[in-house]
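Below: one structure, written as structure tokens.
The values are calculated or read from the model by the stated rules, or taken from the named source; none is laboratory data. Computed from a predicted structure; not experimentally measured. Ideal geometry is used to build each Cβ from the backbone, glycine not excepted, and the neighbour counts take in all protein chains shown. Quick note on the areas: whole protein, heavy atoms, side chains included, nothing else; ligands and nucleic acids left out. Shrake-Rupley method; radii C 1.70, N 1.55, O 1.52, S 1.80 Å.
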Amino acid sequence: TSNEVSYQYVVPELVKAAKPGGTYLGVGPEQNFTYIAAIQPKIAFIIDIRRDMMLEHLMYKAVFEMSPDRAAFLSNLFSRRRPADLTDGASVRTLFQAYAAVPADKMLAEEKLKEILGRLKTTHRFPLTQEDEARIRRIYLLFLREGVMSFSSSFLSPGYATLMTLTDYQGKNWSYLATKESYDRIRAMHQKNLIVPLVGDFGGT
């Protein structure tokens, strides 16, 4: 997960500079979804030197496809049962507060992991190796273990809840989970295979 607590500061300038409908090139983890939701490109490529990052984004793709709304997304990403009274109209802060009180569910995690791998291998026919599958399993279970508030397995990460409730300089929260519209935009792109994770080195040739 991102460790950049200022990642939203640049969004207002990006929105001014980038016209919707272009091509997005990004690097790294989930903060790309926030930038993509704000800029509204036609297609996005997320490039990182680490293969694990590509595999994590494939995991995200499956979780987005499985999750019709933000509350379902958090349930599927963190392997926690959705509170019965939690609606998609809740604020992002309320969503995270609700899930912070729900215990991790290992059986649910195994069920969702099976669905994630099934989507990637059978529905999308990605040629994952056994090592890839093992790494996706390890990454997914980190979300189960770390929970929605902290993420100590990522270097200096402030935690997922903090990342999703940060703002820009003017106090606006641009995170991809801040609003239904932002979440739906990212999910729709994933459903159309328009967010493409790749392994590559921006510092190389």
**Asked** Excluding ligands, DNA and RNA, what is the solvent-accessible area per residue of the chain at a probe of 1.4 Å, expressed in Å²?
**Response** 49
**Message:** Given axes a ≥ b ≥ c from the Cα gyration tensor, I'd like to know whether segment 10-136 is rounded (a/c under 1.5), prolate (a/b larger than b/c) or oblate.
**Reply:** oblate
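Relative contact order for segment 1-146 using alpha-carbon pairs under 8 Å, separation at least 6, rounded to a whole percent?
Relative contact order, segment 1-146: 19 percent.
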**Request:** Between residue 124 and residue 145, with labels modelled 7 Å along Cα→Cβ, what's the label distance in nm to one decimal, could you check?
**Result:** 2.4
**Prompt:** Could you give the distance between the Cα centres of segment 139-205 and segment 85-101, to the whole Å?
**Reply:** 17
**Net charge of Cβ neighbours under 13 Å - reference residue 105; Lys, Arg +1; Asp, Glu -1** = +4
**Message:** With a 1.4 Å probe and all protein chains left in place, how much of the accessible area of the chain comes from carbon and sulfur atoms, in whole percent?
**Reply:** 55
**Prompt:** Hey, got a sec? Which trypsin sites (Lys or Arg not before Pro) in segment 68-166 land in a DSSP loop and have at most 13 other Cβ atoms within 10 Å?
**Reply:** 81, 125
**Fill in**
Lys and Arg at +1, Asp and Glu at -1: neighbours of residue 55 with Cβ under 11 Å from its Cβ sum to 0
**Message:** To the nearest 20 Debye, how big is the dipole of the chain about its Cα centre, given +1 on the beta carbon of each Lys and Arg and -1 on that of each Asp and Glu?
**Reply:** 340
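Provide the net charge surrounding residue 194, with neighbours chosen by a C-beta distance below 15 Å and charges set as Lys +1, Arg +1, Asp -1, Glu -1.
Details: positive: 42, 61, 185, 187, 192; negative: 65, 184.
For residues surrounding residue 194, the net value is +3.
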**Asked** How far apart, in nm, are the 7 Å Cα→Cβ label points at residue 162 and residue 201?
**Response** 3.2
**Prompt:** Gain in length, residue 181 to residue 19, computed as 0.36 nm per residue apart minus the alpha-carbon separation, to one decimal in nm?
**Reply:** 56.5 nm
**Request:** Report the full-extension gain for the segment residue 155 to residue 10: residue separation times 0.36 nm, less the Cα-Cα distance, to one decimal in nm.
**Result:** 50.0 nm
**Asked** Once you put a point 7 Å from the Cα of residue 191 and another 7 Å from the Cα of residue 100, both along the Cβ direction, what distance in nm separates them?
**Response** 3.2
**Message:** Among 26, 94, 43, which residue has its Cα furthest toward the positive end of the charge dipole of segment 1-110, with +1 on Lys/Arg Cβ and -1 on Asp/Glu Cβ?
**Reply:** 43
